[in-house]
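This report concerns only the one structure given below.
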Amino acid sequence: MSELMGYLKAVLNGWWKVLICAVLGAALAMGATAAATPQYESKVGFFVVAPSSQNQSALEADALVRGRIDAYTALMTSRQFMTQLVSASDEPLQEEQLVQAISASGNADQHSLTVTVRASDPHQALALARSVATSFGKLVNDLEADSDKPQTVLNVVSEPQLGQDPVSPRPLLNLLLGILAGLVVGAAIVILKRQADETVRSAQQLELEPALPLLATIPLDGAVRRPQSGSDPGTSLVLTESARRLRTSLHFGPGYSNHSVLAVTSPRRGDGKTTTALYLALALAEAGERVLLVEADLRNPTLAHRLGIPAEPGLAETLSQAAPVDAVHRNFRPRLDVLPAGTQIGNSAPLLGSPAMARLLEQARADYDVVVLDTTSLLPFADAAVAAALSDRAIMVTRYGRTPLGDIAIGLNALKAVQATVVGTTLNAVPLSRVELRAYAAGQRSELVAPGAGPQGGEASAKHVLKEDADPVGRRS
C-alpha cells in the first residue's frame, strides 16, 4: 500500500510531465485527424424469408434461413459478386477497391443482413450501395433458381441513404483517446523514472543503521534556494522550525556535551549543508547557547557572501598565520559569532588537518558552548572527513530526490574510516503539502521577530572586527 501511495505521490508531483504528454497526445490526435481522408457510409438492409411449405416445419425454415444468412454474408464479399458488381457499374471500379469498401454482417436471430459501403465521397457511397442492392438481389435469385433445395426470398427492407456527415475520422473521439493515451504515457514515464531513481526520497531509506537516527526532516522552502548576498538569514519559518527540531534531537541525543564541536557535512555539493549549518547555529544561539559558526569549506566558500560580510581574512588566513588577525565577526546575531572561510584554497585538507586547526578548535571549545563547522562535501574530497575527525560529533545532510543512496553509504564509510562520531542524518528539501504550507504560513504571521535581528541589528554584526592579540578565536567575555 505504501508503495502504491509512493507512486501516486510521484505522479502528482510530476503532474507537469503528465500534462505535457497529454497535450502532445492531443496534438498528435488532432494532427492525425486533420491528415485523414473523410469516409462516408451508406447502408442497405436485406430481410431473408423462407416461403411456407407443407413439406417443412417452422424449425426447419428457421434453420434454412440461418444457413442462408451465413452463406449470403460470405457471398457479399466474394470475388464472384465483386466481378458482377464491376460489370454492372457504369463507373470504372476495381475489385480490390470494392473488397475494401464493402462489408456485410448478418443477424441470424432477426433473419437480416446489413451491407455497409464506404467511400470518400458521399454520393459515390450512395450509388455503390444502390448498385449492391440491385446486383446482389439478382445474384441471389439466380443462385436460388439453380438450386434443388428449398428456396428463400431476399427482400430489401432498408433503402440506401445519403450520408451527410463523415463516419471517419471522429475528431472528438480521437481527441479524447489522444489525451487518454498521453496521460497514460506521462504517468508511465513518471513511474518508470521513480523506479529507476536511486536518490533518497523517504525517511525509511535513511535508516541504514539502527544507531544512526534521522534527526530531522527539513522541508523545502523556495525562498532560500538562491539566497542573495546579504539576505537576512533566519527569516524562513519553515527552516527555523526544522532547525529547532534538529537542535532538540541533538540536545537529547547521545554524545551531547557543552563546549563541543559539531561538523555538518553532506555526501555531495548542493545537498543543503551550509543552509542547515546556518539555521542550526541560529537555533542554538536562540536557545541561549554561545555559538561560533565556522565556514570550513575552503574549496567553495559561500557563507560570507550569503551573510553579506567580508570573506577575507578568514579561516584560511588564521590557520596559515599570514597575519596576526582576528577574523571572527562577533555578535552577528545575539550569542552568534561567524568565522568565514577566507581565501579560497583548492587543496585545503592539509590545512584543515594541521596542528593550527586543532589548536583553533580547542580554543573555540573553551570559548563557546557549541562550535558548528560548515565543512565541504564528503565526495570526492577528503576535507570533510579531516574536519569531522577533529570534531566531537558530526551529522550528515541529505537532500530529497538529489542525494544518491550509494553516495550516502560511501560518505558514512569515509567518516567511519577516520573514526568520526556520526550522530545522525537529516533529510533536506522535503516537499510540503498544501495543508503543511498553510500551517507554516499561519505560524509565520504569528511569529514575532526581535527588534534589531539580522545583519541590520548593528554595525558590529556586519563589520570585520580586528584584534591586536594573536588569539585566533577570541576569548569569551
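Every number in this text was worked out from the coordinates using simple rules, so none of it is lab data. Keep in mind it's a predicted model, so treat the numbers as computed, not measured. Neighbour counts are summed over all protein chains in view; Cβ atoms, including those assigned to glycine, are modelled from backbone coordinates with ideal geometry.
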From phi via Karplus (6.51, -1.76, 1.60), per-residue ³J(HN,Hα) for segment 98-103 in Hz, x at Gly/Pro
5, 4, 6, 8, 10, 9
To the nearest 0.05, the calculated FRET efficiency linking S87 and H123 through their beta-carbon distance, R0 being 30 Å, is 0.90
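How much net charge surrounds P122 when only the other residues with a Cβ under 11 Å from the Cβ of P122 are counted, with Lys and Arg +1 and Asp and Glu -1?
Within the 11 Å Cβ shell, the charges total -2.
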Spelling out what I want: for every residue of segment 397-412, take phi, set θ = phi - 60°, compute 6.51 cos²θ - 1.76 cosθ + 1.60 (Karplus), and round to whole Hz; glycine and proline get x.
9, 10, 10, 4, x, 10, 7, x, 4, x, 5, 4, 5, 5, x, 5
If you take every residue apart from G255 with its C-beta less than 14 Å away from the C-beta of G255, what net charge results, scoring Lys and Arg +1 and Asp and Glu -1?
0
Would you mind calculating the gained length between A188 and T37 on full extension (0.36 nm times residue separation, minus the Cα-Cα distance), in nm to one decimal?
51.1 nm
For V153 and A366 in the same chain, what is the full-extension length gain: residue separation times 0.36 nm, less their Cα-Cα distance, in nm?
65.3 nm
Please find the FRET efficiency linking T77 to W15, where r is the Cβ-Cβ separation and R0 is fixed at 45 Å, and quote it to the nearest 0.05.
0.35
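Given the Cα-Cα distance of Q204 and N413 and 0.36 nm per residue of separation, how much length would full extension add, in nm? Before the final figure, lay out each step's value.
Working: separation 209, 0.36 × 209 = 75.24 nm, distance 1.93 nm.
Length gained between Q204 and N413: 73.3 nm.
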